[in-house]
Amino acid sequence: MSAYTETTHHGPAKGWTRWILTTNHKDIGTLYLVFSLIMLFVGGSMAFVIRAELFQPGLQLVVPEFFNQMTTMHGLIMVFGAVMPAFVGLANWQVPLMIGAPDMALPRMNNLSFWILPFAFAMLISTLFMAGGAPDFGWTFYAPLSTTYAPPSVTFFIFAIHMMGISSIMGAINIIVTIFNMRAPGMKLMDMPLFVWTWLITAFLLIAVMPVLAAVVTMMLMDIHFGTSFFNAAGGGDPVLFQHVFWFFAHPEVYIMVLPAFGVVSQIVPTFARKPLFGYQSMVYATIAIAVLSFIVWAHHMFTVGMPIAGELFFMYTTMLIAVPTGVKVFNWISTMFRGSMTFETPMLFAIAFIVLFTIGGLSGLMLAIAPADFQYHDTYFVVAHFHYVLVPGSVFGIIAGVYYWLPKWCGKMYDEKLGQWHFWLSFIGVNLTFFPMHFVGLAGMPRRIPDYALQFADFNMLTSLGAFLFGTTQLLFVYIIVKTVRSGKPAEQLPWEGAQGLEWTVPTPAPYHTFSTPPVLGEK
Amino acid sequence: MKRWLKPSTPTGLMLIVVLMFGFGFMLVPLYDVFCEITGLNGKTRGPYQGEVNAATNQNQRMVTIQFVANRNDNLPWGFDPDQEEIQLQIGERKQTTFRVSNTYDQAVVAQAIPSVSPARAADYLNKVECFCFQRQPLDAGQSKDFPLVFFIDPDLPADISKLTLSYTLFDITNPASARTH
C-alpha cells in the first residue's frame, strides 16, 4: 500500500444537492459521463427510427419530414451530447489524477460548464414537440435550408448551440489552465501521459473553433430575425460562405472528437502489451501535426460545391497529408504491441478494435479526399460509412475502452470480465454489420439523408438495420455491466492492471474524494 | 508578454476565444476580398466608372454573350431577356432589356443578382447601367422593361469566345414572407 493514509478531512456532501453544487473533478467527471451515456441512448433511439424506416424500401413508419428531423437530431446529439461530453468527463476524472493535481484549476467554472449542458439539450430536444417540428436541415445546417427554409424552432437550435459552445469553451479553458499550471513538481510537458497531451491539443482546438461556430450561428440568427444577408444571395450574401465558415469549424471539430480517443488508446495499449509506448515523442508531434493540418483542409467537404482546380488540388493534397501523422500513430501502436506480452482484457479488445476499425475509416477518408473520385462519393452512404467508422468504432470505442480501463480505479470494484467480453464481441459484430454494407450501397449510389431507396439496395439495408439493432441493444448490456460493477462488483486491487503505469494508479482504490492534496514526488517512471 | 495574458491563463485563453469569435465574422469580408482577387464566384462588379470609347478600339474579335433569367424559388413572376443571345465586337457598347412582370395583386420589390460564367470572364464584363444595381419596386400587376448597358473589355482572355450572364430574380418585398415558402 502507499503512504496514502491521511484522514479524508471531508467527503462528498450529503444528499442530492451534492451533484448540483459539486466542484469536485471526480463528481463532475461522473456527471459528464452519465450525461453522455443518456445522450447516447437518446441519439441512438433516433438512429433506431432511421434504421427501422430504412429496413425495407418504401415509406413505412415515419413521414419524410420526421425522418429529416431524426437524421438532424441524431447527428447533433451524438456529436455535441454524447461524444464531446464523454471525453470532457474522462478528462475531468483523469487529467488531475494523471498529472498529480488535487483538482481542476477552476472548479466553480467546471461546475457551471457541466450544468449548462442539460439545459442546452433540454432546449434542443424540446424542438421535437414544437409547431413545425425540430430542425430538419441536417447536422451541417447549411444555409439557406437552416435560415430561409428552416422551421421556426431553428432559433431554439441556435441558442442550444450557443450554450453547448460556451460549455465546451469553459471546459477547454479549464483543462488547459490545469495542465499548464498544476502538474506535479518536476513533471515536464514531455513527461505527461499521452492522454493528457492529446487533451491539451484538443482543448486548444476547441478554443480556436468553437467561437467560429458561435459566430456562424449568430450570423444565422441575424439573417433570420434582423434582416441581414450574410447567407442570402438576394441581399448580396452568399450561401457558399456558410459552408466555408461552417467547415472551418467542423473539420477541426472532427479531430476534437478523435484526438482524446488516440490518447486513451495510447494509455491502454502499453498497459496490456506490458511495454512502454513506442515513439512517445513522435506521438506528441504527430498529434500536433494533425491539429495544425486540421485548419487548412476544410474545403474537402465542398469539392462538388464548385472550386477552381487549384483549390481542389490544394485541399486534396493537404487532406492526404494528414494520413502521414495518423499513420505514424497507427505504426506506433502496432510497434508497442510487437513482441509485447499481450493479454486481451476488455479495454485492450476495444483498443485493438479501435486501431483496426479507425484505420478502415481513415482509408475510406483517403478515398474521399481524391477530388475527382469524390464527385461520385459525395452525399452517398459511402460518406456515412466513412464518418461512422471513425466516430463509432473510433471515438465511441475509445471512450468505452477508457471507461473499462479506469472504472476499477473510479469505483473500487472490478467489472465482470466475461460480460465485458460479450459486450465487446457483440459491439464489434454489430458495428461492422451496421456500417460495412454502407460502403457498398454508397459506391452503388445510394444517397444519404433520404427515407427511401431503390430496390437494389434492399438487402444491404436490411443487414445494416439488423446490425444497428444489435449494436444499439448491446449498449444496454454496457449499462448493466456498469451498474452491476458499481453495486456488486468484486473489490478491485490497488493496481488492477499488471502493466499499468502512471500517477493515477498510485492513489488508493477506489480513488478517494480528494487526491494529491500534497503533490506527489515523482520517482522512477 | 504580461503574465496574465499568456495562453496558459484564463484571461489569455478568453482573449483567444474573443479573437476567434471576431475572426468568424472577419471571414465574411475576407471571403469577398478573396473572391475579388482570384476572380472566383462569377461576381460582377458595380457600375463601370471609366470612359467608354469604342472608336479607339482596333480589336475586331467577336464574342457571344448569352442571357439567362432565373426566378428564385419558382417565383410566379415573369422574367425574360429581350434577346437570349447577342454577338458583339469586343469593346462595343450594347444595350438590351429584361422584362419583369409582377403577377401579384400587390406592390413588390425585386432584386436581381448577376453571375457570369465562366467565372474568370466576370472581370471583363463591364456594366455601364444595370437594373441589378438597385432594388426595383413594381406596382401590382405591372410589367416593366429594365435596361442593361454593357461592353466586353478588350483584354478578355483569348480562349473565351462565349460567356453567359445569368440573373436570378429575388422577391425582397418582405424578408420575413420569404420564410413562408
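What translational D, rounded to a whole number of µm²/s, comes out for the protein assembly as shown from Stokes-Einstein when the hydrodynamic radius is the Kirkwood one over Cα pairs, at 25 °C and 0.890 mPa s?
Diffusion coefficient, whole number: 88 µm²/s.
Determine, for each peptide in A:176-187, A:473-484, A:55-66, the mean count of other beta carbons within 10 angstrom over its residues, then list the peptides with the highest first. Present the calculation step by step, with values, prior to reporting the outcome.
Values: A:176-187: 18.8, A:473-484: 16.0, A:55-66: 13.6.
Peptide ranking by packing, descending: A:176-187, A:473-484, A:55-66.
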* Structure fact -> Averaged over the residues of A:226-236, the number of partner chain Cβ atoms within 10 Å of each residue's own Cβ comes to 4
* To do: Take every DSSP beta bridge whose two residues both sit in the protein assembly as shown, then give the antiparallel share in percent to the nearest 5.
  => 80 percent
* Obtain the nm distance between the two label points defined at A:Ile309 and B:Thr11 by a simple spin-label model: each point lies 7 Å from its Cα along the Cα-to-C-beta direction. => 5.4 nm
* Asked: Packing-wise, with mean Cβ within 10 Å as the measure, how do A:78-89, A:446-457 rank, highest first?
  -> A:78-89, A:446-457
* Structure fact -> Here FRET efficiency (C-beta to C-beta, B:Asp155 to A:Leu466, R₀ 56 Å, nearest 0.05) is 0.30
* In nm, give the distance between the simple-model label positions of A:Arg274 and B:Asn174, each being 7 Å from the Cα along the Cα-to-Cβ direction. => 7.8 nm
* Asked: DSSP loop chymotrypsin sites (Phe, Trp or Tyr not before Pro) in segment A:257-307 with at most 16 other Cβ atoms within 10 Å of their Cβ, which ones?
  -> A:Phe295
* Looking at the square roots a ≥ b ≥ c of the eigenvalues of the Cα gyration tensor of segment B:96-139, which shape do they give, rounded for a/c under 1.5, prolate if a/b is larger than b/c, or oblate? -> prolate
* In Å, what Rg and Dmax follow from the Cα atoms of segment B:1-120? -> 23.9, 69
* Peptide-level mean, for B:14-26, of C-beta atoms on other protein chains within 10 Å -> 6
* B:Leu30-A:Val324 FRET efficiency (beta carbon distance; Förster radius 35 Å; 0.05 resolution) -> 0.75
* To do: Under a cut-off of 22 Å between alpha-carbon atoms, report the lysines in cross-link reach of A:Lys484, not counting same-chain residues fewer than 8 places apart.
  => A:Lys26, A:Lys409, A:Lys413, A:Lys418
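Based on the inverse mean of 1/r over its pairs of different Cα atoms, what is the Kirkwood hydrodynamic radius of segment A:182-337, in Å?
Answer for segment A:182-337: a Kirkwood hydrodynamic radius of 17.7 Å.
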* Among bridges DSSP assigns within chain B, what percent are antiparallel (round to 5)? -> 80 percent
* So what is Rg over Rh here for segment A:352-510, counting just Cα atoms and using Kirkwood for Rh? -> 1.10
* Asked: Where the eigenvalues come from the Cα gyration tensor of segment A:40-133, what are the semi-axes √(5λ) of the equivalent ellipsoid, largest first, in whole Å?
  -> 36, 16, 6
* To do: Taking H placed 1.01 Å from N in the peptide plane, check which residues at least 5 places from B:Asp82 or on another chain put their amide H under 5 Å from its amide H.
  => B:Thr97, B:Phe98, B:Arg99
* Structure fact -> Taking segment A:73-195, the equivalent ellipsoid from its C-alpha gyration tensor has semi-axes in Å, biggest first, of 36, 13, 11
* Asked: On average, how many beta carbons from a partner chain sit within 10 Å of the beta carbon of a residue in B:38-49?
  -> 1
* What is the fewest-to-most order of A:Met367, A:Met73 by other Cβ atoms lying within 10 Å of their Cβ? -> A:Met367, A:Met73
* Structure fact -> Any aspartates and glutamates whose Cα falls less than 20 Å from that of B:Lys2, other than same-chain ones fewer than 8 residues away, would be none
* To do: Enter the Cα centre distance for the pair segment A:7-51 and segment A:72-105, rounded to the nearest angstrom.
  => 11 Å
* Structure fact -> Inter-part gap, Cα centre of segment A:158-193 to Cα centre of segment B:113-180, in whole angstrom, is 51 Å
* Structure fact -> Among B:Gly141, A:Ile179, A:Val328, the residue whose Cα sits farthest towards the positive end of the charge dipole of the protein assembly as shown (+1 at Cβ of Lys and Arg, -1 at Cβ of Asp and Glu, taken about the Cα centre) is A:Ile179
* **Unit charges on C-beta of K, R, D, E only; dipole of chain A, Debye** => 1180 debye
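Rule-based calculations on the coordinates, nothing more; no lab input. Quantities reported herein were computed from a predicted structural model and do not represent experimental measurements. For neighbour counting, all protein chains shown are included, and Cβ atoms are generated from backbone atoms with ideal geometry for every residue, glycine included.
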